[in-house]
Each structure stands twice: as structure tokens, then as C-alpha cells.
Amino acid sequence: MTEPGAPAPEATAAQVVRMLAQQRHTLAVAESLTGGLVLATLISVPGASQVIRGGVVAYATDLKASLLGVDPALLARVGAVDPDVAAAMAVGARDRLGADYGLATTGVAGPDPQDGRAVGTVFLGWSGPGCPEGVGWQVYVGDSTASREEIRRTTVAEALDALADRIGS
């Protein structure tokens, strides 16, 4: 979960847009469980059009393959909620939208488990200079008592925090 007192996602989004502009880099986003909320938060920042290339909401598993180029064999083997899938989504967004960086979200917002993963299990994916194959990692953002909205909002905050850390280093 996001730490109490952590910056609001909107403030982090503004920081990300500012850093990308300073570096003259661009970003593309691939989203599943967040359904476009990460991109919406980023493009609410004035000046975002200079650095945000766009996004793909690939909510259905087959769209992760057809729109983002995630290997169908990987999806068949592990399902849509997996760190390798998150990494591949980030690479696909970056490559297909022509950006320097790619960010992806995939996970289970509930009410039921998916692909053997518990509600609240979220994976983020990242790709960029120095990380062309992408990397995915787990962020546990809730449990069976968390609402879908809480899980999705917390995922947005976690994704933007991770993005700020990675482009800031």
C-alpha cells in the first residue's frame, strides 16, 4: 500500500512529466486493471502532450498479445497476471507507440481471484533505456477486504512512484 503522507498521484504525475521534459524523453503506458487511470493522471498535467506518446488499455488477455505483442505462449502458461507479462506489456507499449519508456500495470482488482492470483495482487512492468527487455515486479496493494477502487487507485500511485524513481535515477 502507498505510505501515509506520500505525495498524491497527481503531484507525482507532475514530477514525472517535468522529469521527462527535462530529459527530452517520452513515455507510453499499457494498462490492464487500471483501465487508463495511470494515463489519465499523467495527461491531466499541463505540458504532458510534450512527453506522453499514448497508452493502450488491454483489459482482455488476448489484447495483450494482439495489441502489445505479449507472447501468446507466455499468456497461456502463466495467465495475464504475472511479472513477465507486465514486463512484456511495458516493452510492447514502448515499442509500438514509439516512446523512450514503457510502463505497464496488470493485476487482480477482484472480486474474485484470477489466474491463481489473489485479489490485490498487482504487477508493474518497466522498459526504457538500459532496460530494453523490460522488467516486471510484484506490488501487493490490497487484500480481499480492499475494494476494486482502492486497489486500482493504489496501483496508480504505486506505478507513478515507481516511474518517478526509475526516470529520476
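Readers should treat all values here as calculations from the given coordinates under stated rules, not as data from a laboratory. Being a predicted model, the structure only gives us computed values, none of them experimental. Positions of Cβ are generated from backbone atoms using ideal geometry, with glycine treated the same way; all protein chains shown enter the neighbour counts.
Within the range 83-118, how many residues are assigned to a loop (DSSP other than H, G, I, E, B) and either among the hydroxyl-bearing types (Ser, Thr, Tyr) or in contact with a Lys or Arg (Cβ under 8 Å, 6 or more places away or on another chain) (or both)?
Adding up the residues that qualify gives 7.
Has the range 63-80 got any residue that is assigned to a loop (DSSP other than H, G, I, E, B) and on the phi > 0 side of the Ramachandran plot?
Yes, because at least one residue in the range 63-80 is assigned to a loop (DSSP other than H, G, I, E, B) and on the phi > 0 side of the Ramachandran plot.
Of the conditions (1) over 15 Å from the mean Cα position of the chain (by Cα); (2) farther than 26 Å from residue 130 by Cα; (3) not polar (S, T, N, Q), residue 59 fails just one. Which one is it?
Among (1) over 15 Å from the mean Cα position of the chain (by Cα); (2) farther than 26 Å from residue 130 by Cα; (3) not polar (S, T, N, Q), the lone unmet condition for residue 59 is (1).
Give me the pairs, please: first residue somewhere in the range 146-169 and surrounded by fewer than 18 Cβ atoms within 10 Å (Cβ to Cβ), second residue anywhere and in a helix (DSSP H, G or I), beta-carbon distance under 6 Å, and either six or more positions apart or on two chains.
These pairs meet every condition: 168/19.
Say we look at the range 77-101 and pick out the residues that are closer than 22 Å to residue 139 by Cα and over 15 Å from the mean Cα position of the chain (by Cα); which of these is surrounded by the fewest Cβ atoms within 10 Å (Cβ to Cβ)?
It comes out as 77.
Among the listed residues 14, 40, which satisfies the condition of being outside any strand (DSSP E or B), over 15 Å from the mean Cα position of the chain (by Cα) and within 17 Å of residue 103 (Cα to Cα)?
14
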